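The values are calculated or read from the model by the stated rules, or taken from the named source; none is laboratory data. As the structure is a computational prediction, the values presented were derived from the model and not from experiment. Positions of Cβ are backbone-derived with ideal geometry, glycine not excepted, and every protein chain shown enters the neighbour counts. Note: areas computed on protein heavy atoms with side chains; ligands, DNA, RNA excluded. Shrake-Rupley method; radii C 1.70, N 1.55, O 1.52, S 1.80 Å.
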Amino acid sequence: MIQYHDILDLQAIQTLWNREVGFIYPIADDVFLRNVTSYPNKWVLGAYDDDTLVGFIITKTSNDSLLPAYLDRGWISLFYVAKKYRHQGIGSTLLSGGEASLEGKNEILIGSDLFNFFPGVPTDFDNLTDVWLTKRGYFGSRSTHDMFCANIMEYPIKNMNMSFSVATKEDEKGIIELLKTFSDRWAHEGIRYFEAGGTGHEYVIAKHEGKVIAFARTNDRSFPYGGYNITWHARFINLGGIGPLGVHKSYQGRGLGSDIVIYALREMKKRGMIEVMIDWTGLVTFYQQFGFEVWKTYKYMSKKA
Ligand SMILES: CC(C)(COP(=O)(O)OP(=O)(O)OC[C@H]1O[C@@H](n2cnc3c(N)ncnc32)[C@H](O)[C@@H]1OP(=O)(O)O)[C@@H](O)C(=O)NCCC(=O)NCCS
């Protein structure tokens, strides 16, 4: 008889997941700590066969005032039913519980939460999950990708009149101002990064006349709150991540987007990264120019209240 209750030993989630899907998406300890254990606004439900966890759902909300649009949203961050226990209604019961935990929210999204594992539903599960979710009222829209490169090459920078560098703490204001012109989420990430002691090392920037006019986030594993693009680092030898990146509106259209990628790649190589991931992107042809190819694909899925 399956029983449903709170999960006191959160590590059991990581163990179940890694045992069954760790060969594709291994959740490393630091990532589990970042995305689950230390994330404050989470809710978990476990399905147990005696004392054994056989399925779980993790939902999240956000009360971060820097992200007003997120206050009305709820996320299913991670859910899973052990293969041996499927087709018994466990997934449906967990999903209902997860949805009830998000009551009052206008929209429920699969993945894309703060400190997310996935930007949407991964397509590595026999395309089962999106069909299953569609039957349960979720709507699938576009796909998005992680892109990967294991052969970091050197390319020439075009805009030699701009100065490219790894950011320092002095660049904080300029970076945040630029991030704000793109998205609340990117700005939030930047603000929280510097608040948490980030020195600037995780951003490369281009400046013109002293003003930060382009940026790319560059993640290695030296900063504890890393970035989403190194979530699956346990699969790789030494994985770095690039992105998000952006060029100020008034400087777009002159190759600076490519230049900042090229500079970020040089930096990755200099730091000894063997592979580089760009997460959560639709710019497939743009990144293909630099030797990246699609690594994983995810489908955005959500349900309106
Ligand atoms: C999607 C998932 C949760 C479904 O788990 P599950 O426990 O098999 O779910 P259910 O048993 O509730 O539903 C599966 C099917 O079994 C059927 N079923 C339910 N009870 C049943 C029973 N007693 N006997 C036979 N079939 C049954 C359901 O009707 C359902 O079929 P339907 O989709 O055609 O309606 C599971 O496949 C999974 O973990 N996939 C990976 C999840 C994932 O992608 N996670 C990452 C993103 S966060």
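Using a probe radius of 1.4 angstrom, the carbon and sulfur fraction of the accessible surface of the chain is 53%.
One decimal place: the segment Ile2-Ala305 gains 106.2 nm when fully extended, by the rule 0.36 nm per residue minus the C-alpha distance. For the peptides 36-47, 211-222, the ranking by packing is 211-222, 36-47, with the highest mean count of neighbouring Cβ atoms within 10 Å listed first.
Can you give me the Cα centroid spacing of the range 240-261 and the range 25-86 in angstrom? The distance from the Cα centre of the range 240-261 to that of the range 25-86 comes to 33 Å.
Heavy-atom accessible area with a 1.4 Å probe sorts Glu195, Glu189, largest first, into Glu195, Glu189. The accessible area of Asp124, taken with all protein chains in place and a 1.4 Å probe, comes to roughly 50 Å². With each label modelled as a point 7 angstrom along the Cα→C-beta vector, the Asp9-Ile152 pair spans 3.9 nm. One chain, two ends: Arg86 and Arg142. Fully extended at 0.36 nm per residue, the span grows by 17.4 nm beyond their Cα-Cα distance. For the chain, the fraction of alpha-carbon pairs lying more than 32 Å apart is 29 percent, rounded to a whole number. A simple rule links phi to the HN-Hα coupling: the Karplus curve 6.51 cos²θ - 1.76 cosθ + 1.60 with θ = phi - 60°, which for the range 115-120 gives 6, 7, 7, 10, x, x Hz, with x for Gly and Pro. Net charge within 13 Å of Pro119 by Cβ-Cβ distance, Lys/Arg positive one each and Asp/Glu negative one each, not counting Pro119 itself? Combined, the nearby Lys, Arg, Asp and Glu give +1.
Shape descriptor for the range 149-297: Rg over Rh equals 0.93 (Cα atoms; Rh from the Kirkwood inverse mean 1/r). Within the assembled protein chains, the solvent-accessible surface assigned to Thr199 is about 80 Å², based on a 1.4 Å probe.
Rounded to 0.05, the FRET efficiency of the Ser65 and Ala196 pair, given R0 = 25 Å and the Cβ-Cβ distance, is 0.90. Karplus-derived 3J(HN,Hα) values for the range 265-271, using 6.51 cos²θ - 1.76 cosθ + 1.60 with θ = phi - 60°, are 5, 4, 5, 4, 4, 4, 7 Hz; glycine and proline are entered as x. Using only Cα atoms, locate the centre of the range 118-166 and the centre of the range 170-197, then give the distance between them in Å, rounded to an integer. Taking the Cα centre of the range 170-197 as reference, the centre of the range 118-166 is 22 Å away.
Of all aspartates and glutamates in the structure, the ones whose alpha carbon falls short of 15 Å from that of Lys211, not counting any fewer than 8 places away in one chain, are Glu170, Asp171, Glu172, Glu177.
Averaged over its residues, the range 188-294 has an accessible area of 40 Å² per residue, based on protein heavy atoms and a 1.4 Å probe. Protection proxy ranking for 56-65, 285-294, using the average of other Cβ atoms within 10 Å per residue and placing the highest first: 56-65, 285-294. In the range 39-196, taking the dipole from charged Cβ atoms about the Cα centre, the farthest positive-side position among Leu78, Gly120, Ser92 is held by Ser92.
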